[in-house]
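The values are calculated or read from the model by the stated rules, or taken from the named source; none is laboratory data. Being a predicted model, the structure only gives us computed values, none of them experimental. Note: ideal-geometry Cβ built from the backbone for every residue, glycine included; neighbour counts use all protein chains shown.
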Amino acid sequence: MSAVWGAFALPSLTTIALLIDLVARHRLLPAADRRLLLYGMAVMSLIFYPMAIGLVHVDAYRFGYTPWAPFALAAIGCAIPPWRFRAAIVVLLTLVAFDVHLLPSMNLFDYVVDPFGGLFAIGWCIARGLRRAFARVT
Amino acid sequence: MRDAQPLFTADFLPTVKTTFVHAATLAEMPNGDVLAAWYGGYDEISPDVRIFAARLDHATGRWSEPRPIADRAGTARGLGMRIKSLGNPVLYRDRGGLKLYFVAVVFGGWGGSTICLSSSPDGVQWSPPRHVQASPFFNLGMLVRGIPWTYADGTTSLPIYHEMGNKWAGVARVDAAGRVIDSVRIEDQRTLIQPWTVATDPDHALAFLRWGSPTPGHVTFAASSDRGATWGSVRTTSLVHRDSAVAVIQLDDGSLLAIYNNSPHTRRSLALARTRDAGATWTQPVTIEDDRAPDDNVVRREYSYPYVLRGSDGRIHLVYTYRRTAIRHIVFNDAWVAEAVK
């Protein structure tokens with residue numbers, strides 16, 4: 001798996017779901033569900049990666065090793081509105097993948113977000129924000 | 001059978017044909033032999049760096065010829081990625097056999113490093129290296145240096161540190177398959193790296209930290225009372241040093257012996273100091289290397305990166321970098337420390 005991704009980082013289940021959806025020409029995830037996942041990855045990246053490189057003296061990543069982490073993610077999945085059930089299915093698949101140790105990591109966060117997907121999600125959010133702001137101006 | 005008489009011997013590890021060696025590590029084999037490993041090449045982070053190993057026959061007291069046990073090409077193949085160079089090795093024998101944790105530099109300097117793991121049944125045949133997933137951010141910036149120890153459940157406490165962005169120290173808990181199952185930072189606002197942990201009893205541990213700043217500082221330490229799950233605030237010892245590694249070992253009487261560079265500016269002095277109150281106060285340092293020769297731009301006059309291991313016979317093996325061209329090996333025992341470091 002790591003060789004496929006490029007060895008620098010493992011693909012998170014969220015990124016895998018978005019890539020499969022891309023290959024399927026967006027027939028798997030409605031646009032709103034896709035946006036929800038990208039927003040989620042962007043937010044998590046902005047929280048976790050500054051902590052990971054020590055810019056913030058808090059280590060939230062450690063929570064991903066605890067037995068509470070899957071419950072927290074399950075709660076997030078349950079909070080997704082029923083009409084966004086496909087995004088909730090991605091969360092469910094993430095929990096299943098973590099349970100069967102699909103990736104080498106034992107930290108749940110590595111199943112939820114990865115640097116490539118996270119950086120793409122941040123870029124996508126910025127681009128979307130700029131587009132909307134530009135559209136308002138014009 | 002432990003020696004009752006003071007023992008202190010010094011020799012060098014066998015040389016290899018490299019202009020530079022550094023960061024030796026030790027592990028004891030099941031028969032009592034001691035395996036040493038270090039990295040060597042043209043210089044730090046040069047592409048020809050390899051990790052070498054030599055074995056000390058406990059019966060004859062002779063070292064075997066060094067042989068490479070990891071190199072850039074093999075590591076690149078194992079990891080499936082380009083590798084720039086190799087760095088600090090850490091040997092450790094756990095219940096599953098012999099492990100070699102080591103640093104692979106992916107790009108740039110030490111900040112672009114990742115931790116690798118090879119295993120071996122005998123110290124001769126080594127498995128292809130694989131990643132130790134220790135950081136969520138491209139798994140980069142992570143390094144090893146300090147000695148691991150084993151928890152009661154068989155998992156390993158692996159001291160780690162981070163050099164990408166801000167520097168910090170921590171301890172990873174690694175399972176038998178080499179997967180990190182927990183990781184805790186030793187939080188401090190200062191630049192403290194290269195933790196060296198000592199389990200003083202089944203519940204308590206101390207972590208001694210390298211002052212990672214270019215300005216003079218002190219050896220610092222933190223304590224854990226829950227088997228390393230959490231670490232208290234970092235305290236400062238009276239041991240002066242600057243940006244150099246420290247190693248610590250517990251003696252038979254429960255006191256701790258630190259080996260460190262006793263200088264606010266250089267690594268020319270290597271000293272021993274002892275604490276009987278878990279790091280609060282220390283004896284006067286006893287110097288084992290003190291080089292006052294003038295700089296000559298040829299010899300790198302440093303005696304650094306101590307690594308210490310107690311053998312099953314009670315003897316304490318100390319290795320350290322000697323002028324960056326050799327690895328010094330010293331053997332001593334508790335009786336010698338009792339006389340020399342009061």
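I'm checking my understanding of the structure. Among residues of the stretch B:207-237 that are touching a residue at least 40 places away in the same chain (Cβ under 8 Å) and among the aromatic types (Phe, Trp, Tyr), which one is farthest from B:ALA271 (Cα to Cα)?
Ranking the qualifying residues of the stretch B:207-237, first place goes to B:TRP231.
Out of contact with any helix residue (DSSP H, G or I) (no Cβ under 6 Å at 6 or more places or on another chain), surrounded by fewer than 19 Cβ atoms within 10 Å (Cβ to Cβ) and farther than 22 Å from B:VAL171 by Cα: does that describe A:ARG131?
Spelling it out, A:ARG131 is indeed out of contact with any helix residue (DSSP H, G or I) (no Cβ under 6 Å at 6 or more places or on another chain), surrounded by fewer than 19 Cβ atoms within 10 Å (Cβ to Cβ) and farther than 22 Å from B:VAL171 by Cα.
For the stretch A:41-57, what are the residues that are surrounded by fewer than 16 Cβ atoms within 10 Å (Cβ to Cβ) and facing chain B (nearest Cβ under 7 Å)?
Result: A:LEU55, A:HIS57.
Considering only residues of the stretch B:135-180 that are out of contact with any helix residue (DSSP H, G or I) (no Cβ under 8 Å at 6 or more places or on another chain), small (Gly, Ala, Ser) and surrounded by fewer than 19 Cβ atoms within 10 Å (Cβ to Cβ), which is nearest to the other protein chains (Cβ to nearest Cβ)?
So the residue we want is B:ALA177.
Rundown of residues vs (1) within 14 Å of chain A (Cβ to nearest Cβ); (2) of a type in the set (Phe, Trp, Tyr); (3) exposed (fewer than 15 other Cβ atoms within 10 Å of the Cβ), yes/no style:
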| residue | (1), (2), (3) |
| --- | --- |
| B:PHE20 | no, yes, no |
| B:ALA27 | no, no, no |
| B:ALA36 | no, no, no |
| B:ILE45 | no, no, no |
| B:ILE51 | no, no, no |
| B:ARG55 | no, no, no |
| B:ASP71 | no, no, no |
| B:THR75 | yes, no, no |
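Which of the residues that make up the stretch B:181-193 are farther than 24 Å from B:GLY108 by Cα, more than 7 Å from chain A (Cβ to nearest Cβ) and in a strand (DSSP E or B)?
B:ILE186
Take B:VAL90 and decide whether it is touching a Leu at 6+ places or on another chain (Cβ under 8 Å), surrounded by 18 or more Cβ atoms within 10 Å (Cβ to Cβ) and within 14 Å of chain A (Cβ to nearest Cβ).
The answer is no for B:VAL90.
Taking the condition hydroxyl-bearing (Ser, Thr, Tyr), exposed (fewer than 15 other Cβ atoms within 10 Å of the Cβ) and within 13 Å of B:HIS329 (Cβ to Cβ), does B:THR9 pass?
Considered against the rule, which asks whether it is hydroxyl-bearing (Ser, Thr, Tyr), exposed (fewer than 15 other Cβ atoms within 10 Å of the Cβ) and within 13 Å of B:HIS329 (Cβ to Cβ), B:THR9 comes out as yes.
Out of the residues in the stretch B:115-171 that are hydroxyl-bearing (Ser, Thr, Tyr) and part of a strand (DSSP E or B), state the one that is modelled with the lowest pLDDT.
B:THR150
Those residues that are within 14 Å of chain A (Cβ to nearest Cβ) and farther than 16 Å from B:ILE181 by Cβ, I need them from the stretch B:111-129; list them, please.
B:GLY111, B:GLY112, B:SER113, B:THR114, B:CYS116, B:PRO128, B:PRO129
Considering only the stretch B:246-342, give the strands (runs of 3 or more DSSP E) lying wholly within it that have at least 3 residues that are out of contact with any Leu (no Cβ under 8 Å at 6 or more places or on another chain) and free of Cβ contacts under 8 Å to residues at least 60 places away in the same chain.
Output list reads B:269-275.
Which one of B:ALA53, B:ALA59, B:ALA4 is closer than 24 Å to B:VAL331 by Cβ and in a strand (DSSP E or B)?
That would be B:ALA53, the only listed residue that is closer than 24 Å to B:VAL331 by Cβ and in a strand (DSSP E or B).
Looking at this structure, is A:LEU37 more than 30 Å from B:THR75 (Cα to Cα), under 17 Å from the mean Cα position of the chain (by Cα) and surrounded by fewer than 21 Cβ atoms within 10 Å (Cβ to Cβ)?
no
What about B:VAL286, is it modelled with pLDDT under 95 and surrounded by fewer than 17 Cβ atoms within 10 Å (Cβ to Cβ)?
no
Looking at (1) crowded, with 20+ Cβ neighbours inside 10 Å; (2) assigned to a helix (DSSP H, G or I), find the lone condition where A:LEU29 falls short.
The one condition A:LEU29 does not meet is (2).
So how many residues does the stretch A:103-126 have that are more than 8 Å from chain B (Cβ to nearest Cβ) and either surrounded by fewer than 18 Cβ atoms within 10 Å (Cβ to Cβ) or more than 18 Å from A:ALA69 (Cβ to Cβ) (or both)?
The number of residues fulfilling the criteria is 10.
Determine if the stretch A:79-95 includes at least one residue that is of a type outside the set (Asp, Glu), within 14 Å of chain B (Cβ to nearest Cβ) and buried (at least 18 other Cβ atoms within 10 Å of the Cβ).
Among the residues of the stretch A:79-95, not one is of a type outside the set (Asp, Glu), within 14 Å of chain B (Cβ to nearest Cβ) and buried (at least 18 other Cβ atoms within 10 Å of the Cβ), which makes the answer no.
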